Amino acid sequence: MATTLAEAVAAFVSSGVPVAHVRFRDKRKPPFAEAYLNSSNNIHTDDRTWRSFCEYEFVLCTCDRDLALEARIEDALSEADITWEKRGGYRGDEDLVTTTYRFEVYER
């Protein structure tokens, strides 16, 4: 069962990671996360959108891979009943290691 976007943000924040939609306006020191809306998969009935499921990616940015932090985030997501997938990466322009969590939640 999907939970809400607010609960996904709260799961990250409870792990000690601030979250911004797309970007922070000020320069941040890692770790931090950026949330990106990928797409929606809505349920329509009677010419209305009945339920809005949205796929989000939360990109965790760190100086080096932090397995303990990833475990805290994954535990918090699991406690919020959020099923997730993840992949790793690197932002060369900012010299940051990234771990991207992808999941589907209710937009509202």
Would you confirm whether or not the stretch 33-54 contains a residue that is at pLDDT 90 or above, surrounded by 17 or more Cβ atoms within 10 Å (Cβ to Cβ), out of contact with any strand residue (DSSP E or B) (no Cβ under 8 Å at 6 or more places or on another chain) and not aromatic (Phe, Trp, Tyr)?
no
I need every pair where a residue in the stretch 1-28 that is more than 16 Å from Phe103 (Cα to Cα) and touching a residue at least 60 places away in the same chain (Cβ under 8 Å) has its Cβ under 6 Å from the Cβ of a residue that is part of a helix (DSSP H, G or I) and small (Gly, Ala, Ser), sequence separation at least 6 or different chains.
Ser14/Ala76; Ser15/Ala76
Which listed residue, of Ala10, Ala6, Ala33, is among the small types (Gly, Ala, Ser) and over 16 Å from Tyr106 (Cα atoms):
Ala33
Kindly check whether there is at least one residue in the stretch 67-74 that is modelled with pLDDT of 90 or more, more than 15 Å from Val13 (Cα to Cα) and of a type in the set (Lys, Arg).
no
Write out, first by first residue and then by second, each pair whose Cβ atoms fall under 9 Å of each other, whose residues are 6+ apart or on separate chains, and whose first residue, in the stretch 85-108, is surrounded by 17 or more Cβ atoms within 10 Å (Cβ to Cβ) while the second is outside any strand (DSSP E or B) and among the basic types (Lys, Arg).
Val97/Arg65; Thr99/Arg65
Within the stretch 34-53, is there a residue that is within 20 Å of Glu94 (Cα to Cα), touching a residue at least 60 places away in the same chain (Cβ under 8 Å) and in contact with a Cys (Cβ under 6 Å, 6 or more places away or on another chain)?
no
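The values are calculated or read from the model by the stated rules, or taken from the named source; none is laboratory data. These numbers were taken from a predicted model, which means no experiment stands behind them. In this analysis, Cβ positions are derived from the backbone assuming ideal geometry, glycine residues included, and neighbour counts consider all displayed protein chains.
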